[in-house]
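Heads up: the structure comes next, in structure tokens.
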Amino acid sequence: VQLQASGGGLVQAGDSLRLSCAASGRTFSTYVMAWFRQVPGKEREFVAGITQSGIGTHYTDSVKGRFTISRDDAKNTVHLQMNSLKPEDTAVYYCAARNNALLLVLAKNYDYWGQGTQVTVSS
């Protein structure tokens with residue numbers, strides 16, 4: 001599967017952004033999908049994930065209550081709605097797909113990656 005992330009940009013603290021990830025392939029609904037982020041010099045960090053059915057979601061503690069992950073299997077897309085953005089949310093955001101039923105938080109467990117989209121939050 002090929003992933004194409006979009007929606008990043010430069011915003012002020014407190015603003016919102018919606019990231020999108022478009023996937024190719026006929027089996028999108030069978031993948032666990034997730035968003036990760038990375039800043040220079042640090043490891044790629046799990047942000048949010050959603051199960052194959054969309055029933056289950058999981059968030060890293062720092063974004064709970066502010067970010068929402070969703071998926072539209074009919075359109076082969078996954079979204080990350082980011083509200084109340086903070087300067088510490090600044091990073092390159094990547095969407096990822098895992099060809100397995102388990103929603104895991106380590107980057108090494110994901111099989112496919114998008115190219116990344118930059119999110120910059122100014123104070």
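In segment 1-51, how does Rg compare with the Kirkwood Rh, expressed as the Rg/Rh ratio over alpha carbon atoms?
Details: Rg = 13.2 Å, Rh = 13.0 Å.
My calculation puts Rg/Rh at 1.01.
With every protein chain kept in place and ligands, DNA and RNA left out, what is the accessible area per residue of the chain? Probe 1.4 Å, answer in Å². If you can, show how the numbers build up before the last one.
Details: 6280 Å² over 123 residues.
On a per-residue basis, 51 Å².
Hey, got the dipole for the chain? About the Cα centre, +1 on K and R Cβ, -1 on D and E Cβ, debye to the nearest 20?
Details: 12 positive and 9 negative charges, 26 e Å.
Around 120 debye, computed over the chain.
Determine one quarter of the surface area of the Cα convex hull of segment 67-119, which equals its mean projected area, and express it in nm² to one decimal.
Numbers: hull surface 17.9 nm².
Convex hull of Cα atoms, orientation-averaged projection: 4.5 nm².
Can you give me the pair-distance distribution of segment 40-86, C-alpha pairs, 10 Å bins, whole percents?
With 10 Å bins starting at 0, P(r) equals 24, 49, 25, 3.
Around V78, what is the net charge, scoring Lys/Arg as +1 and Asp/Glu as -1 over all other residues with Cβ under 10 Å from its Cβ?
Working: positive: R71, K75; negative: D72, D73.
In short, 0.
At what distance in angstrom do the alpha carbon centres of segment 2-18 and segment 85-101 lie from each other?
Taking the Cα centre of each part, segment 2-18 and segment 85-101 sit 11 Å apart.
Normalising by the residue count of segment 18-94, find the relative contact order in percent from Cα pairs under 8 Å and 6+ residues apart. Before the final figure, lay out the partial values.
Values: 123 pairs, mean separation 27.6, N = 77.
Across segment 18-94, relative contact order equals 36 percent.
What range in the chain is the longest one free of trypsin sites (Lys or Arg not before Pro) that are in a loop by DSSP and have at most 13 other Cβ atoms within 10 angstrom?
Working: sites that count: R26, K42, K64, K75.
Maximal segment without exposed cleavage sites: 76-123.
Restrict the search to segment 41-99; then list the GluC sites (Glu not before Pro) that DSSP places in a loop and that have at most 10 other Cβ atoms within 10 Å of their Cβ. Present the calculation step by step, with values, prior to reporting the outcome.
Working: sites: E43, E45, E88; in loops: E43.
Here the sparse-neighbourhood loop sites are E43.
The values are calculated or read from the model by the stated rules, or taken from the named source; none is laboratory data. Note that the structure is a prediction, hence the values are computed from the model and not measured. FYI the Cβ positions are ideal-geometry reconstructions off the backbone, even for glycines, and counts take in every protein chain you see. Just so you know, the surface numbers come from the protein's heavy atoms only, side chains and all, with ligands and any DNA or RNA stripped out. Shrake-Rupley method; radii C 1.70, N 1.55, O 1.52, S 1.80 Å.
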